[in-house]
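Visitor: Structure provided below as structure tokens; questions to follow.
The values are calculated or read from the model by the stated rules, or taken from the named source; none is laboratory data. Because the structure is a prediction, the values reported are computed rather than measured. FYI the Cβ positions are ideal-geometry reconstructions off the backbone, even for glycines, and counts take in every protein chain you see.
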Amino acid sequence: MTPSPSDVAAKAATVVAGTSSSAKDFKKESTAARVLGAGCAGIAELMVFHPVDTTAKRLMSNYGKVTTAAQFNTVVFKNHAHASVSGRFFSLFPGLGYAAAYKVLQRIYKFGGQPFVRDYLAQNHGGSFDRTFGKGNGKAIMHATAGSIIGVGEIVLLPLDVLKIKRQTNPEAFRGRGLARIVADEGFGLYRGWGWTAARNAPGSFALFGGSAVAKEYFYKLDDYNAASWSQNFVASIAGASASLLVSSPLDVIKTRIQNRNFENPEGGFKIVSKMMRNEGFSSFFKGLTPKLLMTGPKLVFSFWLAQTLIPAFNKIL
């Protein structure tokens with residue numbers, strides 16, 4: 001039986017309504033799949049990239065200009081600058097315990113949590129995103145907005161990040177104190193710089209998830225982002241990570257300098273900005289950007305790619 005023109009039109013309208021629609025983009029994966037996929041990504045990232053992260057943090061924390069190989073060695077390897085190759089390498093693993101707790105929890109929270117916020121936005125506001133930005137644009141912006149919201153909430157993990165950075169860049173700040181003693185002494189001081197962290201995370205996470213979504217939407221023209229192949233996820237992760245690092249770099253430098261100070265000698269963000277502008281110039285806000293793009297960039301690409309690939313894979317298994 002040949003369908004009537006009205007039936008054909010109705011079917012076409014249904015197909016178009018489901019294509020790249022924000023409102024249809026929810027409850028794609030189970031909670032277990034999201035937690036396992038994001039957690040495995042965090043563990044793998046930590047094992048491969050902790051020395052790279054230490055190098056980037058020490059370069060960002062350096063107040064002078066690095067112009068020679070000798071200066072680079074001193075900044076990156078500190079007291080081990082003249083040690084053997086193996087000695088210098090293992091000097092890049094300070095704060096591994098804090099890093100493990102922070103990184104795994106952060107990736108579970110960020111990569112596993114963003115889909116929950118995306119689900120909420122899709123179910124309750126998906127139509128508004130589509131009407132405001134168009135279906136393709138609306139879906140990508142909804143993913144980016146969900147990332148931005150989850151990025152701001154990431155400040156709950158800030159104390160672990162603070163302890164990790166101090167171990168990497170300023171171990172003298174501990175002066176023999178253990179974790180319990182530091183928490184008791186510092187209290188909410190461990191949340192110092194939370195405003196700058198939130199200000200960095202909001203646009204950074206927006207660009208991370210948004211850049212990935214845009215690549216899947218317009219480069220690969222995927223209706224279901226979870227259907228992306230491992231290679232498509234890899235390219236999308238490069239797009240998202242590059243955009244995120246470029247957008248968040250200035251605020252990341254400020255955040256790192258706030259957090260790496262001695263506990264008893266804190267310094268506010270605006271004072272740091274003033275001193276940077278006066279003593280180091282505008283380019284200081286992008287210190288460490290090149291090593292971040294070359295080293296931290298692959299770290300973020302690696303973990304984001306794994307999370308985007310493993311979450312749908314675990315969902316199929318579970």
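Visitor: Tell me yes or no: at least one residue of the stretch 59-75 is of a type in the set (A, V, I, L, M), closer than 30 Å to F282 by Cα, modelled with pLDDT of 75 or more and surrounded by 20 or more Cβ atoms within 10 Å (Cβ to Cβ).
Guide: The initial filter retains those residues of the stretch 59-75 that are of a type in the set (A, V, I, L, M), namely 59-60, 66, 69-70, 75.
Now restrict to residues that are closer than 30 Å to F282 by Cα: 59-60, 66, 69-70, 75.
From what is left, the residues that are modelled with pLDDT of 75 or more are 59-60, 66, 69-70, 75.
With surrounded by 20 or more Cβ atoms within 10 Å (Cβ to Cβ) added as a condition, the list becomes 59-60.
The answer is yes; a qualifying residue exists.
Visitor: From the list A199, A207, A239, which one is in a helix (DSSP H, G or I) and within 11 Å of the chain's Cα centre (by Cα)?
Guide: Values: A199 fails: within 11 Å of the chain's Cα centre (by Cα); A239 fails: within 11 Å of the chain's Cα centre (by Cα).
From the options A199, A207, A239, the qualifying one is A207.
Visitor: Contact list please: Cβ distance under 9 Å, first residue in the stretch 58-71 and without any contact (Cβ under 8 Å) to a residue 60 or more places away in the chain, second residue hydroxyl-bearing (S, T, Y) and in a helix (DSSP H, G or I), pairs at least six apart or on different chains.
Guide: Here the result reads V66/T74, each pair linking the stretch 58-71 to a residue that is hydroxyl-bearing (S, T, Y) and in a helix (DSSP H, G or I).
Visitor: Could you list, in sequence order, the residues of the stretch 272-285 that are over 23 Å from K164 (Cα atoms) and either modelled with pLDDT of 75 or more or surrounded by 11 or more Cβ atoms within 10 Å (Cβ to Cβ) (or both)? Quick ask: steps written out before the conclusion?
Guide: Within the stretch 272-285, the subset over 23 Å from K164 (Cα atoms) is 274-283.
Once the filter is applied, which keeps residues that are over 23 Å from K164 (Cα atoms) and either modelled with pLDDT of 75 or more or surrounded by 11 or more Cβ atoms within 10 Å (Cβ to Cβ) (or both), the stretch 272-285 yields S274, K275, M276, M277, R278, N279, E280, G281.
Visitor: Could you grab the pairs with beta carbons closer than 7 Å, sequence gap of 6+ or different chains, first residue in the stretch 114-132 and more than 20 Å from S212 (Cβ to Cβ) and part of a helix (DSSP H, G or I), second one at pLDDT below 90 and not basic (K, R)?
Guide: Final answer for the pair search is Q123/F26; G127/A23.
Visitor: Evaluate the following for L300: is it hydrophobic (A, V, I, L, M, F, W, C), in a helix (DSSP H, G or I) and farther than 19 Å from T145 by Cβ? So that I can check it myself, show each step before the final result.
Guide: Values: hydrophobic (A, V, I, L, M, F, W, C): yes; in a helix (DSSP H, G or I): yes; farther than 19 Å from T145 by Cβ: yes.
Answer is yes for this residue.
Visitor: Follow-up. Being of a type in the set (A, V, I, L, M, F, W, C) and either at pLDDT below 90 or buried (at least 19 other Cβ atoms within 10 Å of the Cβ) (or both) is the filter here, so list the residues in the stretch 150-168 that pass it. First the steps, then the outcome.
Guide: Taking the stretch 150-168 as the starting set, the residues that turn out to be of a type in the set (A, V, I, L, M, F, W, C) are 150, 152, 155-158, 160, 162-163, 165.
Within the stretch 150-168, I150, I155, V156, L157, L158, L160, V162, L163, I165 meet the criteria.
Visitor: Still on this structure, please answer the following. Just give me the residues in the stretch 110-131 being buried (at least 19 other Cβ atoms within 10 Å of the Cβ) and not charged (D, E, K, R), in sequence order.
Guide: Of the residues in the stretch 110-131, the ones buried (at least 19 other Cβ atoms within 10 Å of the Cβ) are 110-115, 117-118, 121-122, 126, 129-130.
Hits for the stretch 110-131 are F111, G112, G113, Q114, P115, V117, L121, A122, G126, F129.
Visitor: Given the condition in a helix (DSSP H, G or I), hydrophobic (A, V, I, L, M, F, W, C), surrounded by 22 or more Cβ atoms within 10 Å (Cβ to Cβ) and out of contact with any Cys (no Cβ under 7 Å at 6 or more places or on another chain), answer yes or no: does some residue in the stretch 85-96 qualify?
Guide: Taking the stretch 85-96 and keeping what is in a helix (DSSP H, G or I), we get 85-90, 96.
Now restrict to residues that are hydrophobic (A, V, I, L, M, F, W, C): 85, 89-90, 96.
In the following step, the residues that additionally are surrounded by 22 or more Cβ atoms within 10 Å (Cβ to Cβ) were identified as none.
No - not one qualifying residue is present in the stretch 85-96.
Visitor: Conditions: (1) modelled with pLDDT of 90 or more; (2) assigned to a helix (DSSP H, G or I). L222 meets all but one. Number of the miss?
Guide: (2)
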